[in-house]
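Worksheet for the structure shown next.
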Amino acid sequence: MAKVFTLDKQNKKIAGVCAGLANYFDIDVTLVRVLFLVALIVGCSLGFWAYIILWAVAPDPSRS
């Protein structure tokens, strides 16, 4: 079965984007959250826009 990126509503803090990415790449969710925070601070709001776009396009497993 192919891996599919979805929001993770069980381990979410805001929308489940970081937890979903961590599940997809099989890494620690804290690392993903730190990377988004660093991107937000350093990357001229790149982390913010990446999070919003992923939140908008990622399927919600509870709706399917």
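The values are calculated or read from the model by the stated rules, or taken from the named source; none is laboratory data. Everything numeric in this text was worked out from a predicted model, so none of it was measured. Counting neighbours? That spans all protein chains shown, and the Cβs are built from the backbone with ideal geometry, glycine included. Please note that ligands, DNA and RNA were not included when accessible areas were found on the heavy atoms of the full protein model with its side chains. Shrake-Rupley method; radii C 1.70, N 1.55, O 1.52, S 1.80 Å.
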**Fill in**
Residues of the stretch 1-17 being open to solvent by less than 70 Å² (accessible area, probe 1.4 Å) and out of contact with any Phe, Trp or Tyr (no Cβ under 6 Å at 6 or more places or on another chain), in sequence order, are THR6, LEU7, ASP8, GLY16
**Request:** Please state which of the following conditions ILE41 fails to meet, knowing it meets all the rest: (1) touching a residue at least 12 places away in the same chain (Cβ under 8 Å); (2) over 9 Å from the mean Cα position of the chain (by Cα).
**Result:** (1)
**Request:** Go through PHE48, PHE25 for me and flag whichever is open to solvent by 90 Å² or more (accessible area, probe 1.4 Å), free of Cβ contacts under 8 Å to residues at least 60 places away in the same chain and under 15 Å from THR6 (Cα atoms).
**Result:** PHE25
